[in-house]
Amino acid sequence: MISPGGKHDAYAGTIVFGHTHVPYHRAVDGVYFVDTGSVGRPKDGDPRAGYCVLAFDGSALDVRQIRLEYDVETSCSRLIAAGLRAYFADDLRTGGNTPKLDETPEFAERGRPRPLRCEFALN
């Protein structure tokens, strides 16, 4: 169970996480929180690939957020060729600064995606 105990719940001096797709690092009450960013789908307005390098010197943490240029347009072309909606390519081009899917002209044209139907049986 997690309680609002902050660093006392962490049981660590450094917590590295992801899934937000936004590079981030900050020390709070002596605990370092680091989001590594995103190599393939950044959400901070920068379309370059990103990753994080951590270096410990015994008492302090050095965090380097690295960004790399790559051929975004080729990636976008491949997304569309694979059958994905243009929205995903636009999202990649802008580093996540695109309107929500239901606000795009493509959505108005194609309509709301149908929910997937999943069936399974328990043995």
Which listed residue is part of a loop (DSSP other than H, G, I, E, B), under 19 Å from the mean Cα position of the chain (by Cα) and at pLDDT 65 or above, from 70, 87 = 70
task = Provide a single number: the residues in the range 26-41 that are surrounded by fewer than 18 Cβ atoms within 10 Å (Cβ to Cβ) and not aromatic (Phe, Trp, Tyr).
result = 9
query = Has the range 51-66 got at least one residue that is part of a loop (DSSP other than H, G, I, E, B), at positive phi and loosely packed, with under 10 Cβ neighbours inside 10 Å?
reply = yes
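Could you list all residues from the range 8-24 that are modelled with pLDDT of 85 or more and either acidic (Asp, Glu) or over 15 Å from residue 35 (Cβ atoms) (or both)?
Hit for the range 8-24 is 13, nothing else.
The values are calculated or read from the model by the stated rules, or taken from the named source; none is laboratory data. What you are looking at is a predicted structure, and each value in this text was computed from that prediction instead of being measured. Methodologically, a virtual Cβ is constructed for each residue, glycine included, from the backbone with ideal geometry; neighbour enumeration extends over all protein chains shown.
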